[in-house]
Amino acid sequence: MKRTLLTLTTSFFCINTLLSINCETDNWGFENGNFDNWDVTGSVSLENSGTDYYGGYPWVYQNSGSYSVKISGDEAGMSNGSISRSIDVPSEGITYFNFHFAMSIFNYPHPASDAAKFYVEFFDQNNNLIDCPYYECYYSEDEGPQGVDGFNETNLPAINYNPMAVGDGPELYNVSYSDWTDVRLDLSAYAGQTIKAVFRVQWCTFGPDWAYALVDVDCPINNKDTFKECTNEFPVYHCSIDDMSAYEWYDPSNTLLGNGQCMNINTPGIYKCIVSPSNIECSGAENLEFKYNFLEIPQANFTSENVCEYDSLELINTSVFSSENIESIIWDFHNSDSVLTYDAKYLYGNYGEKSVSLTVASANGCFSTMTKQIEIYAVPDVKFSALNNKGCTELCVDFLNETSIQAGGINKYIWELGQEDESENFSVSSCYSNNSLETKTFDISLTAISNNQCASTLTKVNIVEVYPQPIANFNAEPNFLDFHQPQTRFNNTSLLADYNSWDIGGFYQSNEESPVYSFSTEEENTFNVCLYIETIHGCMDTTCEPVTMKGKSYVYIPNSFTPNNNNLNDLFKPVCFGIAEEGFEFNIYDRWGKVVYKSVSLNDCSWDGSIKNSGKKQDVYSWILKCKGKYNSEQFYKTGLVNMVK
């Protein structure tokens, strides 16, 4: 950077305005690394290093910045070149303009009119050439090197210093060179005008006999403005402009402080330095007064804690301001986002190390910036899956943890399993019951906590479904059977059954809802009847109930018969169920009490109405039956009348 009257403290800045002259951005000394604001033609190049082959002087002006300009050269392909720019001279105050040049010229024995030349020219606002300053530098056979004092000549011809040098006889002729020349101008005579500075090289008229120059320029200085320097450290060591013959420093109370170019400034305020210029080209003022305003810089600072990925930064402004009012506050998040509030909240939305800058500026133009690195911690990406998560009670589910994290580690898991139970295992299993008549669901949550205490939770709603258990039930009507009444109906009273399957004593299977079945047996027995039910979800239940077949003894005797051999009601006999053979006696009597029929066999007790020696006589007969039950020895004694009808 070119030397200016503005001193910058690391991370602390102020704004210095020189009317229409801006030393920081106008690229006066080519410090942008380009030719912005300059007009360039021909062979011109920027140089940031190098030493002259002939004169040994540096190609970059030593009291300047990183770049100087080289106009033309001494090798093939080079020729005339020029640079120029306009200078807007402030309308107030005294304006100084400094420029510097060095050159090398091939000593071909031309007359002055034909020689290669380096020109420095200034033109007024009407494009008239200004008499002073004016430089025309060249070498001629009769005059030697001309244009500046202090030309020197090499001891040997040009080719001995640069084998690539061109010209008419570089192996024969030496080179004249001039080290850097400093020129200071007082432009006050052109106040309020725009003038033009031109630096150009023109080769000889007849051939490649060359000259080249190195040029550098300082930003113009105007004493009308008060130079501002922002600092937060007093005393500050400050220097006025260079190359003056005398200096006088005065403090804000107008007390003389000293006579050096540089001075320790102990407190804020406006100081002045009166200087006596030296080596002014053409003419200029005898004394100049420069004012310097030393200002306190606000000290930008803030506090914030590292946060998790999806949390907002809480930025607390702890800046310290001077007595000047706050002009602006800018939070810069280094991603094209900015915030202008005193304190700030900001959500980055992704993890990693982030830069946050706070710039605070006071009304006097001083500002400072504090930049801090803040860590945004990664948040766990919670994922899990459930195996066998839908089914009948009791349902046992395996939960598989599939959580990951992009940076850092995870040191804790918390499962909420929907039944007021928790687990901190990596993966878990849990069993679920449903005693209701409807499907029951459970929400499952997994929370993962990183080693930076960043937590994330995933809840899956209704992920577990436990289907209701069907209830199998039935009754038999009647439930106790006998040989005379072996049939019963099984009434299905189950709940939630979609499918039914019956197993009736191992004799009969049915899918009917309420089947009817008749047992074909004459033995007392108990049969197990089972009902199997199932829901559409595959939930099952079973119930079994015993059905008992009892041996019941009873006798039925008709009250008439018609023994007319028509095979219909021809016989009179007792109808016995469950009657034992032993002790059986059946007697029939006529109206006078005479036995007309007698049997002691259960299997042969049918009377066809025949009476010994009398045939079949229509009449009313009486009978007596004696027997006992087959199963429980129940005694039967029955009497009655029977009417024989022929």
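Structure above, values below:
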read-out: Cα gyration tensor of segment 231-388 - equivalent ellipsoid semi-axes, whole Å, descending; value: 53, 16, 12
read-out: Geometric extent, Cα atoms of segment 477-518 - Rg, Dmax (angstrom); value: 11.3, 36
read-out: 1.4 Å probe accessible area per residue over segment 124-185, in Å²; value: 55 Å²
read-out: Residues Cys262 and Ser312, FRET efficiency given R0 of 51 Å [Cβ-Cβ distance, rounded to 0.05]; value: 0.55
read-out: Accessible area per residue, Å², segment 579-646 with all protein chains present, probe 1.4 Å; value: 61 Å²
read-out: Sum of side-chain charges, Tyr554 neighbourhood, beta-carbon under 14 Å (Lys, Arg +1; Asp, Glu -1); value: +3
read-out: Under the Debye formula (equal points on every Cα, no solvent term), log10 I(q)/I(0) of segment 311-428 at q = 0.16, 0.17, 0.20, 0.23 Å⁻¹; value: -0.84, -0.89, -1.07, -1.26
read-out: Cα-based Kirkwood hydrodynamic radius, segment 154-237, one decimal, Å; value: 18.0 Å
read-out: Ile463 long-range amide H proximity, modeled H, under 5 Å; value: Phe442, Ile444
read-out: Hydrodynamic radius of segment 244-283 per Kirkwood, over alpha carbon pairs, in Å; value: 11.1 Å
read-out: Probe 1.4 Å, accessible area per residue of segment 360-402, Å²; value: 40 Å²
read-out: Sorted largest first, extent of segment 20-165 alpha carbons per principal axis (Å); value: 51, 32, 27
read-out: Principal axis dimensions, largest first and in whole angstrom, of segment 540-646 by Cα; value: 73, 30, 19
read-out: Apportionment of accessible area to carbon and sulfur, segment 137-226, percent (1.4 Å); value: 44 percent
read-out: Segment 565-612, accessible surface, carbon-and-sulfur percent (1.4 angstrom probe); value: 48 percent
read-out: Calculated over segment 139-180: convex hull of Cα atoms, volume per residue (Å³); value: 87 Å³
read-out: When each of Lys573/Lys594; Lys550/Lys628; Lys345/Lys412 is checked by Cα-Cα distance, pairs over 23 Å; value: Lys345/Lys412
read-out: Size-normalised alpha-carbon gyration radius of segment 280-354, reference 2.2 N^0.38 Å; value: 1.89
read-out: Radius of gyration, Dmax [segment 76-228; alpha carbons; angstrom]; value: 17.8, 57
read-out: Descending semi-axes in Å of the chain, equivalent ellipsoid built from Cα gyration tensor; value: 136, 30, 18
read-out: Accessible-area composition of segment 276-356, carbon plus sulfur, in percent [1.4 Å probe]; value: 41 percent
read-out: Total formal charge among the other residues, if their Cβ is under 13 angstrom from that of Val596, Lys/Arg +1 and Asp/Glu -1; value: +3
read-out: Rg to Rh, two decimals, where segment 430-535 supplies the alpha carbon set and Rh follows Kirkwood; value: 1.36
read-out: Directionally averaged projected area (convex hull, Cα atoms, segment 363-405), nm²; value: 6.4 nm²
read-out: In order through segment 603-618: 3J(HN,Hα) via Karplus (6.51 cos²θ - 1.76 cosθ + 1.60), integer Hz, x for Gly, Pro; value: 8, 9, 9, 9, 10, 8, x, 6, 10, 4, 6, 10, x, 10, 10, 5
read-out: Size-normalised alpha-carbon gyration radius of segment 34-81, reference 2.2 N^0.38 Å; value: 1.20
read-out: At q = 0.21 Å⁻¹, base-10 log of I(q)/I(0) for segment 598-646 (Debye sum, equal scatterers on each alpha carbon); value: -0.87
read-out: Glu92 - accessible surface, heavy atoms, 1.4 Å probe, Å² rounded to 10; value: 90 Å²
read-out: Lys, Arg +1 and Asp, Glu -1 on Cβ, resulting dipole of the chain about Cα centre, debye, nearest 20; value: 6440 debye
read-out: Burial ranking of peptide ranges 451-457, 297-303, 416-422 (average Cβ count within 10 Å, highest at the top); value: 297-303, 451-457, 416-422
read-out: Residue (of Asn434, Ser140, Ser113) at the positive-pole extreme of the chain, dipole from beta-carbon charges; value: Asn434
read-out: Contour excess over end-to-end distance, with Cα ends at Gln193 and Glu477 and 0.36 nm allotted per residue; value: 89.6 nm
read-out: Ordering of 123-133, 425-435, 177-187, 72-82 by burial proxy (mean other Cβ atoms within 10 Å per residue, highest first); value: 177-187, 72-82, 425-435, 123-133
read-out: Two-site FRET efficiency, Asn48 against Asn160, from Cβ-Cβ distance with R₀ of 30 Å, rounded to 0.05; value: 0.65
read-out: Expected-Rg normalisation [2.2 N^0.38 Å, Cα atoms] applied to segment 205-312; value: 1.75
read-out: Selection of chymotrypsin sites (Phe, Trp or Tyr not before Pro), segment 451-508, meeting DSSP coil and at most 13 other Cβ within 10 Å; value: Phe507
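The values are calculated or read from the model by the stated rules, or taken from the named source; none is laboratory data. If you're wondering where the values come from, they're calculated on a predicted model, not measured in any experiment. We place every Cβ from the backbone using ideal geometry, glycine too, and count neighbours over all the protein chains shown. We work out accessible area using only protein heavy atoms, side chains counted, and drop any ligands, DNA or RNA first. Shrake-Rupley method; radii C 1.70, N 1.55, O 1.52, S 1.80 Å.
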